[in-house]
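For reference, the structure discussed in these notes is given below.
Just so you know, all these numbers are worked out from the coordinates, no wet-lab data involved. In this text the structure is predicted, and so the values were computed from the model without any measurement. Cβ atoms come from the backbone with ideal geometry, glycine included; neighbour counts cover every protein chain shown.
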Amino acid sequence: MRLTVLGCSGSGPGPDSPASGYLVDAGGTRVVVDLGNGTVGALQRHLDPWELDAVVLSHLHPDHCADASALVVHRRYHPFPPFDASARPLPVYAPAEAPERLGAAYAPSAAERAETDLTDVCAFHPLTDGATATVGADVLLRAGAVDHPCEAYAIRLEHGGRTLVYSGDTGPSAGLVETARGADVLLCEATWPHVTQWWDEPPPGVHLSGRQAGEHAAAAGVGRLLLTHVPAWFDGEALLAEAREVFDRPVELVRPDATYEI
């Protein structure tokens, strides 16, 4: 398995990175996990979008799904498509409201919003807590509910005896620990410092600090921790140092366009 970071800026694109988006190549099955602002442009540096086998959306905040509209445009209006997109709609695994949410983001007016339907080029499959699916020939996907202000999931991908887990967005969550149990790699959000001038401990139910990301990785017994989703206004190196204080296995801060072997 190979992970390529399309974007890793938290809460929106930053000056050096698109928002959240990750390309996973597992034995030739290509899956994008999250499609935040700017990620479809980055995707085209690494893969022809027509070669995608599936899209997985951890939740429906714009910094994780806004570029779904760009991918729909690509599949609907590309002048030289390699196949009929309506005959091979792209599987999209996402929270149940994704067809309406993404349709509303795509439509330019209230009148068109009432009629917009993306199922000509997308085949939607709702995620639920504990849901599993086989993506491509042999990639096992499992979702685990996490703690965020909207319906949100951690995503576990297994292939060839290797496992990658992505936290999505979450506050401290037993569901994340369970979903990540024994994974080779945990790609985990670390959105803010553990202690700031505004709090002595991060607010619950929103995001993880660098320290909390490390604590979740340790509790799950993962082999390696990759930190992501650092907003432009916080210091990623400081969050990395927090995680290293509580997790004694390899920890890195991901970079846009970087590739990681799982």
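Annotation: peptides 117-124, 3-10, 228-235, 204-211, ranked by per-residue average of other Cβ atoms within 10 Å with the highest first, follow the order 3-10, 204-211, 228-235, 117-124.
Between the beta carbons of TRP50 and ARG2, assuming R0 = 25 Å, the FRET efficiency works out to 0.85 to the nearest 0.05. Summing Lys and Arg as +1 and Asp and Glu as -1 over all other residues whose Cβ lies under 11 Å from the Cβ of ARG244 gives a net charge of -3.
Measure nothing fancy, just the Cα-based angle from helix 68-77's long axis to the longest principal axis of the chain, in degrees from 0 to 90, nearest 10. The angle comes out at about 20 degrees. If you take Kirkwood radius over Cα pairs in Å from the coordinates, which of [x] 18.3; [y] 18.8; [z] 20.9 do you get? Read-out taken from this structure: [x]. According to the Cα-based calculation, Rg over Rh for the stretch 163-262 is 0.93, with Rh computed by the Kirkwood formula. Between helix 210-220 and the chain there is an angle of about 90 degrees, using the helix long axis and the longest principal axis of the Cα atoms. Ordering ALA213, ALA104, SER86 by the projection of their Cα atoms onto the charge dipole of the chain, which places +1 on the Cβ of Lys and Arg and -1 on the Cβ of Asp and Glu, puts SER86 at the extreme positive end.
Compute the relative contact order of the stretch 162-262 as a whole-number percentage, counting only Cα pairs closer than 8 Å that sit 6 or more residues apart in sequence.
30 percent
Can you check what the net charge comes to around VAL185, using other residues whose Cβ is under 12 Å from the Cβ of VAL185 (Lys, Arg +1; Asp, Glu -1)? Result for the neighbourhood of VAL185: +1. Run the paramagnetic zone check for ALA219: 7 angstrom along Cα to Cβ, then residues of the stretch 150-190 with backbone nitrogen under 12 Å. Counting backbone N atoms under 12 Å from the label point, the list is 171-181. Under 18 Å from the 7 Å Cα→Cβ point of CYS150, by amide nitrogen: which residues of the stretch 188-215? What the label zone holds, given the 18 Å backbone N cut-off, is 189, 205-208.
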